[in-house]
Structures are given as structure tokens and as C-alpha cells.
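Following: one structure in C-alpha cells, then a few remarks.
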Amino acid sequence: MSRIVLISAFMVLAAAVAPLRLYSQQNLFNIPSGDITPKGTYFYQHQVNVYGTDYMESKSHFVWGLGNGFDAGVNLINVKINPTMNTRFFRDNTDPTSPAAPLLLGTLQKQFELGEQWELNIGTQAGLNFRRTQVSNNPFAHFSYGLVRWDWHHALRITGGVYATNNQFVGIGTNTGIMAGFELPLTRDIYLMGDFVSGNHPSAVAVMGGMVNLSKRIQLCAGYLMPSPSSPAKQGVVFELNVLGFDAYEE
């Protein structure tokens, strides 16, 4: 019942802001947003997950628009940082059940237009754990997905789909699942957004938060990270900085 109430509240908010045109980013907190980077431009996102005083985790994403519905990029994720350690700032991941850290990945994504309000995105991230020390010493990691995005009257975007991965990328647990997210503009510069990744692995989390446009090309995001049901993930706080090589909105 609580989920029904929450969805209804989002719909009411969306109706209230229906005249606003929605401008999206290329990633939500943990899943793709369903957007494609315009040809000849770039999108950069730097994300930091803070898990109390224990440690932090850094993720960097760079994407370049190729045209014809394609974009490609490079990700450096799962860079664990322990600010309390005097001898080693970057923390080694010694938990064999956790995702490999760090991971250097190449990305490729293709979008198909399904109609005025619908798009289908198919993409993959694949690469190596260059320390080769976690998850059975297998250096290769991958995460592939298919997402459908629905744009409701330029006021609410809902994204949902399925993924297939391996233990190197998400940690020990299920290797298939679903993911979903939303973006809801309250004003031109303020958004509510969130996403969810299912599964019982350490990367199965939900994040609820928001985004602020500081300018046409700079965005700040923040959210609260919660483990999905059956996930051993820790609670935390997520911060993101987005730098766009294109204008996020028109005057």
C-alpha cells in the first residue's frame, strides 16, 4: 500500500509541473537515465558514495556522443578511499564477496525510438580489475542492460529494464535482475530523482534524492543510499557532479 501511495504522490507532483520541459542527464545515481549524449559532445559525472566514517567510494564516468543514437565512454568505478588511513589513502578491497575494486570499463550504448514518448536503450560496460585480487581472481567484469524509458507529457520520466552481469561487477550474488528509476522536475533547475537495482548482491541498492542545475552545464546531485531487500550493502550518502558538453536547458 505504501508503494501505491508513493507512486500516486509522484503522479500528482508531475501533473502540477506538467508545463515544464524535462531535461535529463545521462545517468541517474546507479543506472543509465535512457538519454544519449548528443553527437560530438561529452558528458562527465563524478560520484562519491560516503559510508559513514568507514570509507568512501569514487566513480567516474566519461561519455562521448557518436551520433545515430550511439554513445561510448570510459568508466573508472569502485575506487575505495579511506580518509582515516595515514599510510595508504586508497583502500584495498579485501572482501571476496564485494565487487572488484577498482574497475576500468569501456561503455557502449544505443538508443531506439519507439514512439513519441518511448525509447529503448541497449548498452554494456565491460573491462578489467587491474589489481586482480577480488572475486576468484577473475579480472574481467561486465554489466549489460536493456532499458525502456517513458516520457509522460515532458513532466515525468520513468525508466525500467533488466540487466545481466557477473560477480566481478556487482559482488557475490544474483547475476540478473531488474532496475528502475525516475526523474521529476519541480522547476527548471530542481529535480527529484531516484533509482533501484534488484538482487541480493552488494550492488543491489536504491537511492532517493535530487538534482540542481547550477548552470546550463553544471549539475549537482545528492541522495540517500539504501540496500535493496536481501542485499548486504551498507547505507550511505551519494554526491554527484555532472559536467555537460552541451546545454541542459534553453532560456
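The values are calculated or read from the model by the stated rules, or taken from the named source; none is laboratory data. This is a predicted model, so every value here is computed, not measured. Here the Cβ positions follow ideal geometry from the backbone for every residue, glycine too, while neighbour counts run over all protein chains shown.
Considering each residue of the range 196-210, count those that are surrounded by 24 or more Cβ atoms within 10 Å (Cβ to Cβ), within 11 Å of residue 238 (Cα to Cα) and not aliphatic (A, V, I, L, M), and give that number.
0
In the range 142-193, how many residues are part of a loop (DSSP other than H, G, I, E, B) and within 23 Å of residue 127 (Cβ to Cβ)? Please lay out each step first, then the result.
So in the range 142-193, the residues part of a loop (DSSP other than H, G, I, E, B) come out as 153-155, 166, 171-175, 186-189.
Adding the requirement that they be within 23 Å of residue 127 (Cβ to Cβ) leaves 166, 171-175.
Residues in the range 142-193 being part of a loop (DSSP other than H, G, I, E, B) and within 23 Å of residue 127 (Cβ to Cβ): 6 in total.
Out of the residues in the range 20-44 that are within 24 Å of residue 114 (Cβ to Cβ) and among the small types (Gly, Ala, Ser), which is modelled with the lowest pLDDT?
Across the range 20-44, the extreme among qualifying residues is 24.
Show the residue pairs meeting these rules: Cβ distance below 8 Å; 6+ apart or different chains; first residue within the range 112-131 and over 15 Å from residue 101 (Cβ atoms) and touching a residue at least 40 places away in the same chain (Cβ under 8 Å); second residue exposed (fewer than 12 other Cβ atoms within 10 Å of the Cβ) and not small (Gly, Ala, Ser).
119/112; 119/113; 121/112
Counting only residues that are at pLDDT below 95 and either of a type in the set (A, V, I, L, M, F, W, C) or loosely packed, with under 15 Cβ neighbours inside 10 Å (or both), how many does the range 218-234 have?
Count: 3.
Taking the range 42-65, which residues are part of a strand (DSSP E or B) and over 17 Å from residue 99 (Cα atoms)?
Matches in the range 42-65: 42, 43, 44, 45, 46, 61, 62, 63, 64, 65.
The conditions are (1) surrounded by 19 or more Cβ atoms within 10 Å (Cβ to Cβ); (2) at pLDDT below 70; (3) in a loop (DSSP other than H, G, I, E, B), and residue 14 fails exactly one of them. Which is it?
Just one mismatch for residue 14, condition (3).
Tell me, which residue of the range 45-63 that is of a type in the set (Phe, Trp, Tyr) and either at pLDDT below 95 or touching a Leu at 6+ places or on another chain (Cβ under 8 Å) (or both) is surrounded by the most Cβ atoms within 10 Å (Cβ to Cβ)?
Step by step, filter the range 45-63, then rank; the result is 55.
Could you tell me which of the residues 161, 146, 199, 127 is more than 30 Å from residue 67 (Cα to Cα) and not β-branched (Val, Ile, Thr)?
On inspection, the qualifying residue turns out to be 199.
Considering each of 187, 165 in turn, give the residue that is buried (at least 21 other Cβ atoms within 10 Å of the Cβ) and either closer than 30 Å to residue 39 by Cα or in contact with a Leu (Cβ under 8 Å, 6 or more places away or on another chain) (or both). Walk me through it before giving the result.
Values: 187 fails: buried (at least 21 other Cβ atoms within 10 Å of the Cβ).
Answer to the check: 165.
Taking the range 196-220, which residues are in contact with a Leu (Cβ under 8 Å, 6 or more places away or on another chain) and closer than 18 Å to residue 60 by Cα?
Across the range 196-220, the qualifying residues are 207, 211, 217, 218, 219, 220.
From the residues in the range 64-84 that are of a type outside the set (Gly, Ala, Ser) and over 20 Å from the mean Cα position of the chain (by Cα), which one is surrounded by the most Cβ atoms within 10 Å (Cβ to Cβ)?
First pass over the range 64-84, keeping only residues of a type outside the set (Gly, Ala, Ser): 64, 66, 68, 70-71, 74-84.
Imposing the further condition that a residue be over 20 Å from the mean Cα position of the chain (by Cα) reduces the set to 66, 68, 82-84.
On the way: 66: 17, 68: 9, 82: 15, 83: 10, 84: 9.
Ranking the qualifying residues of the range 64-84, first place goes to 66.
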